[in-house]
Amino acid sequence: MARNRYDMDEVLEDSFDMNQIKRLAAYIKPYKNRMISVVLLMLSSSALTMLIPIFISQVMDECIPHKDMKMIIVYSILTLVIALYSAYALRIKIKKMSVIGQNIIHDIRTDIFEHLQELPFSYYDDRPHGKIQVRVVNYVNSLSDLLSNGIVNTFTDLCNLIFILLFMFYLDVKLTLICLCGLPLLALVIVVIKKKQRHAWQIQSNKQSNLNAYIAESINGIRVTQSFVRERENTGIFNRLSSSYRKSWMTAVRYNFLMWPSVDVISTATTCCVCILGVRWIMAPNATLTVGVLIAFTSYIGRFWAPINTLAGFYNSLLTAISYLERIFETIDEKVNVKDEADAIVMPEVKGKVEFHDVCFGYEEDQNVLNHISFEVEQGETYAIVGPTGAGKTTIVNLISRFYNVNSGEILIDGIDISKVTLKSLRSQMGIMMQDSFIFSGTIMDNIRYGNMEATDEEVITAAKTVCAHDFIMKMEDGYQTQVNERGSRLSAGQRQLISFARALLANPKILILDEATSSIDTETEIMLQKGLSRLLAGRTSFIIAHRLSTIKNANCIMYVDHGRIEEQGTHDQLINLKGEYYKLYMSQFDFLKEASATAY
C-alpha cells in the first residue's frame, strides 16, 4: 500500500526543529565571505544615511535661523552623495546576493536530485511521483527570496537598529524610551501567532504537494482518462484539491499579514506619542528640545521601525521556509537501503554463473513475495521464468540486479555474493529490459545509446538491426536522429519495446534480463527477432520472463513460479511430459490460439 496518495496529507512536524536552520547554514557557509562583504557594504551605506537626519536638524536649528546658505548647499550636496552611494551599494547587493542565493539553491537541488538517483525502487513504489517532484522544484524555489535577500537584510537591519538607537539616544533619551515601549507589544503579537502561522504553512505545503501529485498522475494517465471519458470526474477532483490548496494558502497568508500591520500600528502609535510629548516639551519653559531635534528624531523613528518591519518579514519567510526545509531534508535523509557496503569490492568481469540460495523477499514486512527460492544457472544458459500474474517472476530478476535487498538467503554471481560488490560494477555488466519500455525525450539514437554512451553510431545501428528495429527507424522522417517525446508517445508500444531491446543489447552485457521483451511485438517481427537473438544470446547468461510460451521453448530451463515458489523446473519437453502446471498453461495458450485461428477463418 502506498505511503500516501494525492488525497492523503503527509505527517506534520509538531516542534520547531532548529537543526533545519543549522543544516541550511551549512549550505550558506561556502559563500560566507562574499555575504560578509555585501553586509559590510550595506552597513557603510546605512551608517552614512544615519547622518541625513542630523543634517536636517542642523539646517533647521542653525542654518535657517542664521541664513547660512553656504552650509545648506554643503548639507544638500552631502545628502545627494550619500543617496548616490546608497543606490550603488543597493545595486551591488542585489546583483551579488541574487547570484549567491541561486548558487545555494542549485547546491540544495543538486543534493536532493543526486540522492533521488540513489534511492531504491522501494522509495518510488510507495510515493506519488508528483510529491517527489514538488520537493525538488517548488519547495527549493520557495527558499529563493530568503537566501537572496532575507539573510543579508537581517544582518544589515540588526546593525542598523543599533546605529539608529545610538543616534536616537544621542538626540534625546526620554523620546527614545517612549519609542521602545512599542517593542513588548510586538513581541506579544509574535508569540501569539508564531505556532499557528507555522502550522498553517505546513498545511499549505501538504495541499500543494497533493495538488502537484494529482496533476502529475493525471498527465501520465491522460490516455486512460480520455478512453473512459473521465474528464469531468477528474476535473472535479482537481477542483477539490485546488480549492483546498487555495484555502490553506489564504489561511497562511492571513497570519503573515498580521505581522506588518501590527508593526505599522505600533510604530504609528509611538510616533504620535513622541510628537505630542515632543511639542509639549518644546513649548515648556526652559525647554532644551528644539524643533530641528524633534524633526530629526521623528525621522529616526521611521528608520527604527522600517528594519523591524523587514525583520518581521524575514521571520515570516523563515517560518515559511522551515515548512519546506522539513520536506527537503526529509527527502535527503531518506535511507538508501540498497547501497555499497563499506568493504564492497569491484565485481570482476562476469562469466555468468548465477545462484539463488534459499532466498526470501517481500516488499512489505511479514509479507513475503518469494519464499525459499533456490536454483543455479550455468554460464551461457537461458532460463525462462513463467507463471501467473503476481507470482514473483519480475521480483526474481530485480533481485539479480540488486534493485532490492533480499530478506534472507544469498544471490551469487560467479560464486561472489552480489551484496558484497559495488552496484556500479554489478549493473554495468548487465543488460536489463523491463516491462515498462521507457523512452526519454531526445533522438532515437540517444535512446539506444543510453545504456552505453561510448558506443559508436555503427554499433547503435547494429544493435537496432539485431532486434529488427532498423527498418521502422529508417522510415521515420530523420531516421536515427528523429526526435521522440518523453515516454515515446510518437512510437507504438512495439516500437518502444524494440528500441528498449536495442538499448539493453548495446550494453554488451554478460547477463541479459528480458522482462516481457516481446509482449507488444507482432508475431512476424517476433519470429525475425528470435533468429537474431539466438546468435546474440550465445555465450550469455539470460533470464527471460514471457507470457508467450512459444518464445521460450528453446530455453535451457523453464521455471514455473507460483505463490513465491518454484513449483516446476525443467526443459520444455520435460515439463510437457510432467503434465503439471506448465503443461496446463501451455495447453491453454495452444487451445486459445487454435480457437482464435478457427474463428478467424
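The values are calculated or read from the model by the stated rules, or taken from the named source; none is laboratory data. Quantities reported herein were computed from a predicted structural model and do not represent experimental measurements. We place every Cβ from the backbone using ideal geometry, glycine too, and count neighbours over all the protein chains shown. Keep in mind that these areas ignore ligands, DNA and RNA; they rest on the heavy atoms of the full protein, side chains included. Shrake-Rupley method; radii C 1.70, N 1.55, O 1.52, S 1.80 Å.
Restricting the search to region 552-579, which residues are under 30 Å from Asp366 (Cβ atoms) and at pLDDT 90 or above? Can you show your working first?
Taking region 552-579 and keeping what is under 30 Å from Asp366 (Cβ atoms), we get 559-569.
Answer for region 552-579, where residues must be under 30 Å from Asp366 (Cβ atoms) and at pLDDT 90 or above: Met559, Tyr560, Val561, Asp562, Arg565, Ile566, Glu567, Glu568, Gln569.
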Contact list, first residue from region 397-412 and over 18 Å from Asp125 (Cα atoms) and hydroxyl-bearing (Ser, Thr, Tyr), second anywhere and outside any helix (DSSP H, G or I) and open to solvent by 20 Å² or more (accessible area, probe 1.4 Å), beta-carbon distance below 8 Å, six or more apart or interchain, is Ser408/Asp358
Filter region 335-380 down to residues that are among the small types (Gly, Ala, Ser) and farther than 28 Å from Leu116 by Cβ and give me whichever is surrounded by the fewest Cβ atoms within 10 Å (Cβ to Cβ). Ser374
Could you list, in sequence order, the residues of region 319-366 that are within 30 Å of Val152 (Cα to Cα) and in contact with a Ser or Thr (Cβ under 9 Å, 6 or more places away or on another chain)? Thr320, Ala321, Ser323, Tyr324, Glu326, Arg327
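Looking at the structure I just gave you, is Ile193 modelled with pLDDT of 80 or more, β-branched (Val, Ile, Thr) and part of a helix (DSSP H, G or I)? Break it down into steps so the answer makes sense when it comes.
Details: modelled with pLDDT of 80 or more: no; β-branched (Val, Ile, Thr): yes; part of a helix (DSSP H, G or I): yes.
Considered against the rule, which asks whether it is modelled with pLDDT of 80 or more, β-branched (Val, Ile, Thr) and part of a helix (DSSP H, G or I), Ile193 comes out as no.
Check Ile411, Ile461, Ile439, Ile444 and return the single one that is over 25 Å from Val397 (Cβ atoms), surrounded by 13 or more Cβ atoms within 10 Å (Cβ to Cβ) and touching a helix residue (DSSP H, G or I) at 6+ places or on another chain (Cβ under 6 Å). Show your work before the answer.
Working: Ile411 fails: over 25 Å from Val397 (Cβ atoms); Ile461 fails: touching a helix residue (DSSP H, G or I) at 6+ places or on another chain (Cβ under 6 Å); Ile439 fails: over 25 Å from Val397 (Cβ atoms).
So the residue among Ile411, Ile461, Ile439, Ile444 that is over 25 Å from Val397 (Cβ atoms), surrounded by 13 or more Cβ atoms within 10 Å (Cβ to Cβ) and touching a helix residue (DSSP H, G or I) at 6+ places or on another chain (Cβ under 6 Å) is Ile444.
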Go through (1) of a type outside the set (S, T, N, Q); (2) over 17 Å from Leu506 (Cβ atoms); (3) not in a helix (DSSP H, G or I) for Phe440 and report which single condition fails. (2)
Quick one: count up the residues across region 175-232 that are surrounded by fewer than 20 Cβ atoms within 10 Å (Cβ to Cβ) and of a type in the set (Ser, Thr, Tyr). 3
Tally the residues that are under 15 Å from the mean Cα position of the chain (by Cα), part of a helix (DSSP H, G or I) and hydrophobic (A, V, I, L, M, F, W, C), restricting the search to region 116-167. 6
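Results for (1) on the phi > 0 side of the Ramachandran plot; (2) crowded, with 19+ Cβ neighbours inside 10 Å; (3) of a type in the set (Ser, Thr, Tyr), shown as yes or no for each residue.
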position	(1), (2), (3)
Ser248	no, yes, yes
Val253	no, no, no
Asp264	no, no, no
Thr271	no, yes, yes
Leu277	no, no, no
Val291	no, no, no
Thr298	no, no, yes
Arg303	no, yes, no
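Return yes when Ala344 is over 30 Å from Pro509 (Cα atoms) and touching a residue at least 40 places away in the same chain (Cβ under 8 Å) and no when it is not. Before the answer, list the steps.
Numbers: over 30 Å from Pro509 (Cα atoms): no; touching a residue at least 40 places away in the same chain (Cβ under 8 Å): yes.
Judged against the criteria, Ala344 is not a match.
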Right, Thr422: of a type in the set (S, T, N, Q) and more than 12 Å from Leu498 (Cα to Cα) or not? yes
Taking only region 48-59 into account, find how many residues are open to solvent by 60 Å² or more (accessible area, probe 1.4 Å) and either of a type in the set (S, T, N, Q) or modelled with pLDDT of 90 or more (or both). 1
Of the criteria (1) more than 22 Å from Ile295 (Cα to Cα); (2) surrounded by 14 or more Cβ atoms within 10 Å (Cβ to Cβ), which one Glu62 fails: (1)
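Would you call Ile295 among the hydrophobic types (A, V, I, L, M, F, W, C), assigned to a helix (DSSP H, G or I) and at pLDDT 85 or above? I'd like the intermediate steps shown before the answer.
Working: among the hydrophobic types (A, V, I, L, M, F, W, C): yes; assigned to a helix (DSSP H, G or I): yes; at pLDDT 85 or above: no.
Answer is no for this residue.
Based on this model, can you work out whether Tyr383 counts as open to solvent by 10 Å² or more (accessible area, probe 1.4 Å) and within 28 Å of the chain's Cα centre (by Cα)? So that I can check it myself, show each step before the final result.
Details: open to solvent by 10 Å² or more (accessible area, probe 1.4 Å): yes; within 28 Å of the chain's Cα centre (by Cα): no.
No; evaluated as a whole, the condition is false for this residue.
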